[in-house]
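Take a look at the structure set out below.
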Amino acid sequence: MALWGNRELVYDFSTVTVDLAAGTITGSGTTFTDAAVGISTGNVITVGAGATGGYAVVKTIDSDTQISVATTDFLIGNSSGVTYSISEEPLYSLGDSVYRAPESKTVGYSTSPVTTAVYGVDATEVGVANTATGDARKYAPAHSGWVGITTYVDASGELRVKTEVLVAGGISNDAEDTVYPDA
């Protein structure tokens, strides 16, 4: 099991149900065992939009519709019919208190939501971010790779963005997102 890979999106088809007691995630109409899909032990599954259901690490792929997870410690609760995605993001970011699920929360002295997430950022997206203007420029990371982002609005109404390159390197099979557009 690798500590991280270079694919931001391995698979995200249909919806899943989380069973904390069993330590399983069951998909609806999924093909988890399909070799072409490429899911493997150690991949990270993000449950719910904005990780509202938390994160887990794939322990085994039991069938086309069921995955067993290594631990339920980073899952928020049982859920049914929720969206998900599977990636190769760094495993250690799951236990990092900064990037703990859900991705949007109110913490510390903040009265507005603080959003934290880990993105796979390729070289093209770094270039686009570095030439952007306004708030979009604030997202420019120092390097391509796995990038942790923390955003919040400060007391004077200013958007603050903190970027941290967790693993420098090339990202392939980039999932298109609005935070790091390709153009």
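The values are calculated or read from the model by the stated rules, or taken from the named source; none is laboratory data. Since the structure is predicted, the reported quantities are computational estimates derived from the model, not experimental observations. We place every Cβ from the backbone using ideal geometry, glycine too, and count neighbours over all the protein chains shown.
Mind telling me which of the residues Thr60, Thr41 ends up being out of contact with any Phe, Trp or Tyr (no Cβ under 8 Å at 6 or more places or on another chain) and under 15 Å from Leu3 (Cβ atoms)?
Numbers: Thr60 fails: under 15 Å from Leu3 (Cβ atoms).
One residue alone meets the criteria, Thr41.
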Inset, instruction - Evaluate the stretch 154-176: report whether one residue or more is assigned to a loop (DSSP other than H, G, I, E, B), assigned by TED's automatic domain parsing to the domain that holds Ser40 and hydroxyl-bearing (Ser, Thr, Tyr). - result: no
Inset, instruction - Please give the strands (runs of 3 or more DSSP E) falling wholly within the stretch 1-67 in which 1 or more residues are within 18 Å of the chain's Cα centre (by Cα) and of a type in the set (D, E, K, R). - result: 54-61
Legend entry - Any pair with Cβ under 6 angstrom, 6 or more apart, that starts in the stretch 31-42 at a residue that is on the phi < 0 side of the Ramachandran plot and surrounded by 14 or more Cβ atoms within 10 Å (Cβ to Cβ) and ends at one that is of a type outside the set (A, V, I, L, M, F, W, C) and not in a loop (DSSP other than H, G, I, E, B): Val37/Tyr11; Ile39/Tyr11
Inset, instruction - Answer yes or no as to whether Tyr109 is surrounded by 15 or more Cβ atoms within 10 Å (Cβ to Cβ), modelled with pLDDT under 95, among the aromatic types (Phe, Trp, Tyr) and assigned to a loop (DSSP other than H, G, I, E, B). - result: no
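Scan the stretch 77-90 for residues that are surrounded by 14 or more Cβ atoms within 10 Å (Cβ to Cβ) and either within 16 Å of Ala22 (Cβ to Cβ) or assigned by TED's automatic domain parsing to the domain that holds Gly148 (or both) and report the count.
Summing the residues that are surrounded by 14 or more Cβ atoms within 10 Å (Cβ to Cβ) and either within 16 Å of Ala22 (Cβ to Cβ) or assigned by TED's automatic domain parsing to the domain that holds Gly148 (or both) in the stretch 77-90 gives 1.
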Inset, instruction - Return the only residue of Asp182, Asp135, Asp177 being in contact with a Leu (Cβ under 7 Å, 6 or more places away or on another chain), acidic (Asp, Glu) and surrounded by fewer than 16 Cβ atoms within 10 Å (Cβ to Cβ). - result: Asp135
Inset, instruction - Could you run through the stretch 144-168 and say how many residues are over 20 Å from Val114 (Cβ atoms) and crowded, with 16+ Cβ neighbours inside 10 Å? - result: 3
